[in-house]
Amino acid sequence: MKKVVLLAINAKYVHSSLSVWVIADGIKKYAHLPYDVSVIEATIHQQGSDIADMVAASAPDVIGVSTYIWNAGMMPEILSLLRERLPDVVIVLGGPEASHNADFWLERGADHVLPGEGEHTFPAFLDGCHGDSSINANGQENRPLDSLDNMDDYIDALDGRIAYLETSRGCPFQCAFCLSSGSGVRFFPIETAKKWLQQLSKSNARTIKLVDRTFNCDAGRAYELFEYVINLDTACCFHFEVAADLFDERTLELLSTAPPGRIQLEAGLQSFFEPALKAASRKTDLRKAEQNIRTLLRGQNIHTHVDLIAGLPFEELHDFQDGFDRAYSLGAHTLQLGFLKLLHGSELRRQAESLGILFDEEAPYEIRSSKWLSPEDIQVLKHTENALQHTYNKSRFLSTVEYVLSVSGLRPSYFYRELGKAAPNHGTYLEVYAVQVHDFCIRQPGVSKNELHDRMVCDWLSMVKGKNMPDFMRNRDSRQGKLLETAANRLGHKMRREEATILSSGRGVFVDSENRDPVTGLYRVRQGTVL
């Protein structure tokens, strides 16, 4: 029996790979010949030699590798090491990074690149290579999405990591930056989708991410699955990618009934600049999207994530900054500032030269400049993204930033740009970064030293657990012992010294470290009387 290893190289340990398990399941179902199939999941943070050794230990005859922009950078090394250790092995690549750039990978050690849906193409390839002449190894049947109903092996392998699930494939939209553009949508049977959701809800995964490109493109189907998830008896959180403008009133009303933390929504707005959206073939009713996002946020039960893409055609720096401020005003829990990536196979990559877009030749093919954004403009946005990512998007110093923006009158885009320049965070310890944030904020117009101090103290208590405050935050008031007693009596458990303090105002505050908001992830900070 031939041995097959399916290799996934994930971006982080906490991630899991759905694709290799789907393909493993496909081999069981569709291959005409028997195969000994094993799955190996690694991460990009491991040494290439260690990954190659793990694969070589199985002594496979065939290796199948899922390739994406996050692991493409190390794949040439992996291919070379695999060839060195296993000179006779057959190496097959699939996935979006290989499928749209086959010649590149064939020149770097891959024997074959398979396009299309691997659960069908890969077993056909295996049979064609190993003796079944009735199989066309290069063919692909347009099979209905009704057969991948065994998630047991995948669930067993999760080990508490994020689980991924697809209930549909393709996308109804034509976005020029996306590989799913114009693919159309095919849906798995809704009862099958419900069964998968139920199975994953009983696994040890705490977060289940649905990878459907636009989950709510079919409003009725989305409503039924949202309702099913809301009514599950589980502590899992379900993450959906949605188009915010497609929500109807009925679905918004349903979502308002979800248990806090049960659902996360990621809404890709991409831009508020209409010419950029038009150039990217992106159709969005921006006003309705804004209205629906505000409605979702009013319920305070759903973590909401909004995406913007910097670098779309025709959008200059000031246009993007206007859009950033508009998006920021929505108050979403996460505002992702991403940069245009010119993916192999995308329409914008084909148009890049005519549009004057320069981008990195290596994955992730990120924009470097264009007719509308200079390299200096890109750097400004990099500063903005850095500060945003290490404060707002990690729920750090939220009250502090809100206060500084309110008293200074600064635009959010300016604030985050200047913070990113003044305090670039590249692996900085949180205690050190807190000092840098304070030193930047105290220099802004209208900021009170005492108010800033107290805001940062409360933020610190809410966002960390068991960490001592930086020196500048500490108030060595003799009444802290009494405050700890008060807090312990109110919360019903012993308090540690770092969980309570006296503010500049004389007010006592303490953190309820056993009470975390399921939507924001922040610990609740309480006030305590100090006599």
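Values quoted throughout were computed directly from the atomic coordinates according to the rules given, and no laboratory measurement underlies them. As the structure is a prediction and not an experimental result, all values here were calculated from the model. Methodologically, a virtual Cβ is constructed for each residue, glycine included, from the backbone with ideal geometry; neighbour enumeration extends over all protein chains shown.
Please give every one of the aspartates and glutamates within straight-line cross-link reach of Lys482, meaning a C-alpha to C-alpha distance under 17 Å, and leave out same-chain neighbours fewer than 8 residues apart.
Those aspartates and glutamates meeting the cut-off are Glu498, Glu499, Asp512.
If you stretched the chain out fully between Leu355 and Lys202, how much longer would it get, using 0.36 nm times the residue separation minus the C-alpha to C-alpha distance?
Between Leu355 and Lys202, full extension yields an extra 50.2 nm.
Can you give the three extents of the C-alpha atoms in the chain along their principal axes, from longest to shortest, in whole Å?
87, 55, 51
Neighbouring Cβ atoms within 10 Å as the yardstick, rank Thr121, Thr43, Thr384 fewest first.
Thr43, Thr121, Thr384
Which pairs break 19 Å Cα to Cα here: Lys209/Lys278; Lys394/Lys465; Lys209/Lys382; Lys29/Lys202; Lys2/Lys29; Lys341/Lys394?
Lys209/Lys278; Lys209/Lys382; Lys29/Lys202; Lys341/Lys394
Could you tell me the calculated FRET efficiency between Ser399 and His426, based on Cβ-Cβ distance and R0 = 25 angstrom, to the nearest 0.05?
0.50
Largest first and in whole Å, give the semi-axes of the range 196-300's equivalent ellipsoid, each being the square root of 5 times a Cα gyration tensor eigenvalue.
26, 15, 12
Which whole-number percent is the relative contact order of the range 374-447 (Cα, under 8 Å, 6+ apart)?
Dividing the mean separation by the residue count of the range 374-447 yields 39 percent.
For the range 1-83, which trypsin sites (Lys or Arg not before Pro) pass both filters: DSSP loop (anything but H, G, I, E, B) and at most 16 other C-beta atoms within 10 Å?
When the trypsin sites (Lys or Arg not before Pro) of the range 1-83 are filtered for loop state and at most 16 Cβ neighbours within 10 Å, Lys12 remain.
For the chain, what does -39500 (n - 2.57) per DSSP helix run (n ≥ 4), summed and divided by total residues, give at 222 nm, in deg cm²/dmol to the nearest 500?
About -11500 deg cm²/dmol.
At a Förster distance of 22 Å, what's the computed FRET efficiency of Ala57 paired with Lys12, Cβ-Cβ distance as r, to 0.05?
Plugging the Cβ-Cβ distance into 1/(1 + (r/R0)^6) gives 0.40.
With unit charges on the beta carbons (Lys and Arg positive, Asp and Glu negative) and the dipole taken about the Cα centre of the chain, which residue among Ala276, Gln444, Leu381 sits farthest to the positive side?
Result: Gln444, furthest along the dipole toward the positive end.
To the nearest 0.05, how large is the calculated FRET efficiency for Thr520 and Ile190 if R₀ is 30 Å and r is the Cβ-Cβ distance?
Between Thr520 and Ile190 the formula returns 0.40.
Using only the Cα atoms of the range 152-370, what semi-axes does the equivalent ellipsoid have when each is the square root of 5 times a gyration tensor eigenvalue? Give whole Å, largest first.
31, 21, 16
Percent relative contact order of the chain, based on C-alpha pairs within less than 8 angstrom and at least six residues apart?
It comes to 8 percent, rounded to a whole number.
At 0.36 nm per residue, and after removing the present C-alpha to C-alpha distance, how many nm does the segment from Lys283 to Ser80 gain when stretched out fully?
Length gained between Lys283 and Ser80: 68.7 nm.
Evaluate the range 374-447: find the radius of gyration of its Cα atoms, find its Kirkwood radius, and give the ratio Rg to Rh.
Rg/Rh: 0.95.
What do you get for Rg/Rh over the range 294-364 if you use C-alpha atoms and the Kirkwood form of Rh?
Reported Rg/Rh, Kirkwood definition of Rh: 1.09.
What longest region of the chain stays clear of chymotrypsin sites (Phe, Trp or Tyr not before Pro) that DSSP places outside H, G, I, E and B and that have at most 16 other Cβ atoms within 10 Å?
14-428
Which translational diffusion coefficient, to the nearest whole µm²/s, is obtained for the range 468-528 from the Stokes-Einstein equation, given a Kirkwood hydrodynamic radius over C-alpha pairs, 4 °C and 1.567 mPa s?
Estimated via Stokes-Einstein, D reaches 108 µm²/s.
What ratio of Cα Rg to 2.2 N^0.38 Å holds for the range 335-387?
Normalised Cα radius of gyration, the range 335-387: 1.14.
For the chain, which cysteines have no second Cys with its Cβ under 4.7 Å from theirs?
Cys129, Cys171, Cys217, Cys236, Cys237, Cys441, Cys458
Any chance you could list the semi-axes, whole Å, largest first, of the equivalent ellipsoid that the Cα gyration tensor gives for the range 412-481, using √(5λ)?
One finds semi-axes of 23, 16, 9 Å for the range 412-481.
What is the list of residues in the range 77-91 whose amide nitrogen lies under 17 Å from a point 7 angstrom out from the Cα of Leu106, following Cα to Cβ?
Zone members listed by number: 90-91.
Under the 0.36 nm per residue contour assumption, what length would be gained going from the current alpha-carbon distance of Asp325 and Asp439 to full extension?
Here the segment from Asp325 to Asp439 would lengthen by 38.7 nm.
Restricting attention to the range 352-387, which GluC sites (Glu not before Pro) occupy a DSSP loop and are surrounded by at most 16 other Cβ atoms within 10 Å?
Counting only loop positions with at most 16 other Cβ atoms within 10 Å, the GluC sites (Glu not before Pro) in the range 352-387 are Glu361, Glu362.
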